[in-house]
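Some notes on the structure that comes next.
The values are calculated or read from the model by the stated rules, or taken from the named source; none is laboratory data. On a predicted model such as this, the values are computed, not experimentally measured, just so you know. Positions of Cβ are backbone-derived with ideal geometry, glycine not excepted, and every protein chain shown enters the neighbour counts.
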Amino acid sequence: NAGVMQNPRHLVRRRGQEARLRCSPMKGHSHVYWYRQLPEEGLKFMVYLQKENIIDESGMPKERFSAEFPKEGPSILRIQQVVRGDSAAYFCASSTTGGVGAFFGQGTRLTVV
Amino acid sequence: RKEVEQDPGPFNVPEGATVAFNCTYSNSASQSFFWYRQDCRKEPKLLMSVYSSGNEDGRFTAQLNRASQYISLLIRDSKLSDSATYLCVVGHSGNTPLVFGKGTRLSVIA
């Protein structure tokens with residue numbers, strides 16, 4: 001049973017480009033969370049999704065950021081027109097239901113140059 | 001007040017020492033509690049769930065005090081490999097996201 005898979009592990013984008021981060025949850029998990037972490041800082045919640053639904057996006061910036069978790073395929077976190085301040089580690093986690101322990105992927109490290 | 005608060009540390013302890021971390025949470029409706037461990041530049045990993053009756057896993061003991069709304073983690077006989085950041089995590093019922101504390105950094109020194 002593979003764990004949570006995120007790709008790419010490292011992503012370099014120039015300012016103004018789009019970044020697409022993918023997350024495949026553990027088998028049998030229908031809940032996905034996205035978190036952002038800046039160096040030397042804690043995890044910051046971004047968005048919580050179930051299949052085909054956004055449950056809580058209170059941590060997502062209002063502009064340029066979007067997330068989806070389609071019926072088939074991985075969850076996608078999309079950042080349009082990236083800026084240097086978007087450089088961070090983006091972690092995805094999955095769980096079977098809400099409120100239970102979640103398992104994390106290895107993260108995608110985004111660098112905007 | 002932050003929903004989950006932890007002392008950021010660092011806690012610097014010698015090998016073999018016993019160290020304890022506390023965490024407080026503000027939402028009395030919280031229903032699930034966890035400790036995660038995060039190594040530098042790695043993903044957080046679930047260390048253990050925390051139950052009202054307290055639970056132990058080897059050298060690690062976790063306790064929950066609902067009346068005072070705090071959670072603790074005790075590490076006995078510290079090893080160098082225990083050096084990491086320990087994250088306190090709180091969950092609620094229904095479709096709400098897990099809430100992470102900012103973590104407590106532990107350095108075990110030879």
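Candidates in region B:88-98 are the residues that are in contact with a Phe, Trp or Tyr (Cβ under 9 Å, 6 or more places away or on another chain) and at the interface with another protein chain (Cβ under 7 Å from one of its Cβ atoms); of these, the one that is modelled with the lowest pLDDT is B:N95.
Can you pull out every residue in region A:48-66 that is within 11 Å of chain B (Cβ to nearest Cβ) and farther than 16 Å from A:A88 by Cα? Quick ask: steps written out before the conclusion?
From region A:48-66, those within 11 Å of chain B (Cβ to nearest Cβ) are A:48-50, A:53-59; that's our starting set.
Hits for region A:48-66 are A:Y48, A:L49, A:Q50, A:N53, A:I54, A:I55, A:D56, A:E57, A:S58.
Say whether the condition of being closer than 24 Å to A:S94 by Cα, part of a strand (DSSP E or B) and within 12 Å of another protein chain (Cβ to nearest Cβ) is met by at least one residue in region B:66-85. Yes, region B:66-85 has at least one match. Restricting to region B:41-57, and then to whatever is outside any strand (DSSP E or B) and facing another protein chain (nearest Cβ under 10 Å), can you tell me which residue is surrounded by the most Cβ atoms within 10 Å (Cβ to Cβ)? This residue is B:P44.
The set of residues in region A:77-102 being assigned to a strand (DSSP E or B) and either crowded, with 18+ Cβ neighbours inside 10 Å or in contact with a Cys (Cβ under 8 Å, 6 or more places away or on another chain) (or both) consists of A:L77, A:I79, A:A88, A:A89, A:Y90, A:F91, A:C92, A:A93, A:S94, A:S95.
Regarding B:R59, is this residue out of contact with any Asp or Glu (no Cβ under 9 Å at 6 or more places or on another chain) and basic (K, R)? Show your work before the answer.
Details: out of contact with any Asp or Glu (no Cβ under 9 Å at 6 or more places or on another chain): no; basic (K, R): yes.
Judged against the criteria, B:R59 is not a match.
The number of residues in region B:73-86 that are in contact with a Ser or Thr (Cβ under 8 Å, 6 or more places away or on another chain) and within 20 Å of A:G101 (Cβ to Cβ) comes to 5.
When you scan region A:103-113, how many residues do you find that are surrounded by fewer than 22 Cβ atoms within 10 Å (Cβ to Cβ) and at the interface with chain B (Cβ under 8 Å from one of its Cβ atoms)? First the steps, then the outcome.
Let us first name the residues in region A:103-113 that are surrounded by fewer than 22 Cβ atoms within 10 Å (Cβ to Cβ), namely A:103, A:106, A:109-113.
Subset that is at the interface with chain B (Cβ under 8 Å from one of its Cβ atoms): A:103, A:106.
So the answer is 2.
Assess whether A:N53 counts as being at pLDDT below 95 and of a type outside the set (A, V, I, L, M). Yes, satisfied.
Condition test on A:P70, is it more than 17 Å from B:P97 (Cβ to Cβ), more than 12 Å from chain B (Cβ to nearest Cβ), in contact with an Asp or Glu (Cβ under 7 Å, 6 or more places away or on another chain) and at pLDDT 90 or above? So A:P70 fits the description; yes.
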